[in-house]
1. Inspect all residues belonging to region 17-26 and state whether any of them is within 18 Å of Ala114 (Cβ to Cβ), over 20 Å from the mean Cα position of the chain (by Cα) and exposed (fewer than 13 other Cβ atoms within 10 Å of the Cβ).
2. Here are some conditions: (1) touching a Phe, Trp or Tyr at 6+ places or on another chain (Cβ under 9 Å); (2) crowded, with 16+ Cβ neighbours inside 10 Å; (3) hydroxyl-bearing (Ser, Thr, Tyr). Tyr65 meets all but one. Which one does it not meet?
3. For region 84-112: of the residues being within 18 Å of Ala34 (Cβ to Cβ) and of a type in the set (Ser, Thr, Tyr), which is nearest to the chain's Cα centre (by Cα)?
4. Does region 156-213 hold any residues that are of a type outside the set (D, E, K, R), within 17 Å of Lys143 (Cα to Cα) and either in contact with a helix residue (DSSP H, G or I) (Cβ under 7 Å, 6 or more places away or on another chain) or assigned to a loop (DSSP other than H, G, I, E, B) (or both), and which are they?
5. So Ser186 ticks every box in (1) under 23 Å from Asp134 (Cβ atoms); (2) within 34 Å of the chain's Cα centre (by Cα) but one. Which box is left unticked?
6. Taking the options Ala18, Ala34, Ala91, name whichever one is in contact (Cβ under 8 Å) with a residue 40 or more places away in the chain, under 30 Å from His132 (Cβ atoms) and either out of contact with any helix residue (DSSP H, G or I) (no Cβ under 7 Å at 6 or more places or on another chain) or not basic (Lys, Arg) (or both).
7. Just to be sure, is Gly145 touching a residue at least 24 places away in the same chain (Cβ under 8 Å), loosely packed, with under 12 Cβ neighbours inside 10 Å and out of contact with any helix residue (DSSP H, G or I) (no Cβ under 9 Å at 6 or more places or on another chain)?
Amino acid sequence: MQKGNGVRALMLSLIGLAMIIFIPWLCVKSVSSAMNYLRNGTEVQCRVVSVEEHKKGKQLVHAVYTDDTGEEILAEATMNRRTSKGESFTALVTDSYPEKVYCPPSNSLIAVSAVIMTALWISGFVVFFMGHHDSIVNRMLTKNGKPALAEVVSVKQIDQFAYECKMRYNDSRGGEHTGKFFVKKSRPVIGDKFHIVYCLKKNGKAVADIIEI
């Protein structure tokens, strides 16, 4: 079989599992922090005094506000949107952390974020089961795989160095099968033949992979 398939399957499973676990944790952490400000925060009027641009469009924002004693406090601001020096805004601050102010996101931003997080969480299950399926196929082919010769019937280039080929082959019982295979070393053409290993599942369908020669 092609080298790296087992590693790829393991990586997909781990990435999917990480997404399944990490995304809900991140959501709970974000909601918990926001709820703390909404429950315990005091509303203050702030003015942006500095904005530092960071990679990927992130901003480090500092603003000043006046506390109950009339003292002007310099605080790091969580804005949930882009801002500029001199802008005034309303934010929340807690007694336990006066050096940080929080500007709640708009309802539309909350809705968009919820949709994105849900989509990413569902994608985590998809990625996990892709890796799990590939692991099962690899084990089947390693344990019960039989060799065959497959002929390329169509070729589709998917990136600069990889091609998706539809190949036709026969099993040991004379049954004909077609499947998709990925070729990375050279550009295949229709009529090329590749050594493969295949295995028949209980439903009669075949799974297969190219053998590294």
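The values are calculated or read from the model by the stated rules, or taken from the named source; none is laboratory data. Keep in mind that this is a model prediction, so the values were computed, not measured. Cβ coordinates were reconstructed from backbone atoms using ideal geometry, including for glycine residues, and neighbour counts include every protein chain displayed.
1. No: region 17-26 contains no residue that is within 18 Å of Ala114 (Cβ to Cβ), over 20 Å from the mean Cα position of the chain (by Cα) and exposed (fewer than 13 other Cβ atoms within 10 Å of the Cβ).
2. (1)
3. Within region 84-112, the match that is nearest to the chain's Cα centre (by Cα) is Ser108.
4. Taking region 156-213 and keeping what is of a type outside the set (D, E, K, R), we get 157-158, 160-163, 165, 167, 169-170, 172, 174-175, 177-179, 181-183, 186, 188-191, 194-200, 203-204, 206-208, 210-211, 213.
Subset that is within 17 Å of Lys143 (Cα to Cα): 172, 196-200, 206-208, 210-211.
Ser172, Val197, Cys199, Val207, Ile211 - these are the residues of region 156-213 that are of a type outside the set (D, E, K, R), within 17 Å of Lys143 (Cα to Cα) and either in contact with a helix residue (DSSP H, G or I) (Cβ under 7 Å, 6 or more places away or on another chain) or assigned to a loop (DSSP other than H, G, I, E, B) (or both).
5. It fails just one condition, (1).
6. Numbers: Ala34 fails: under 30 Å from His132 (Cβ atoms); Ala91 fails: under 30 Å from His132 (Cβ atoms).
Being in contact (Cβ under 8 Å) with a residue 40 or more places away in the chain, under 30 Å from His132 (Cβ atoms) and either out of contact with any helix residue (DSSP H, G or I) (no Cβ under 7 Å at 6 or more places or on another chain) or not basic (Lys, Arg) (or both) holds for just one of Ala18, Ala34, Ala91, which is Ala18.
7. No: the conditions fail for Gly145.
Let's see how each residue does on (1) modelled with pLDDT of 90 or more; (2) in contact with an Asp or Glu (Cβ under 8 Å, 6 or more places away or on another chain):
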{"residue": "Val126", "(1), (2)": "yes, no"}
{"residue": "Pro147", "(1), (2)": "yes, no"}
{"residue": "Ile158", "(1), (2)": "no, yes"}
{"residue": "Arg173", "(1), (2)": "no, no"}
{"residue": "Ala206", "(1), (2)": "no, yes"}
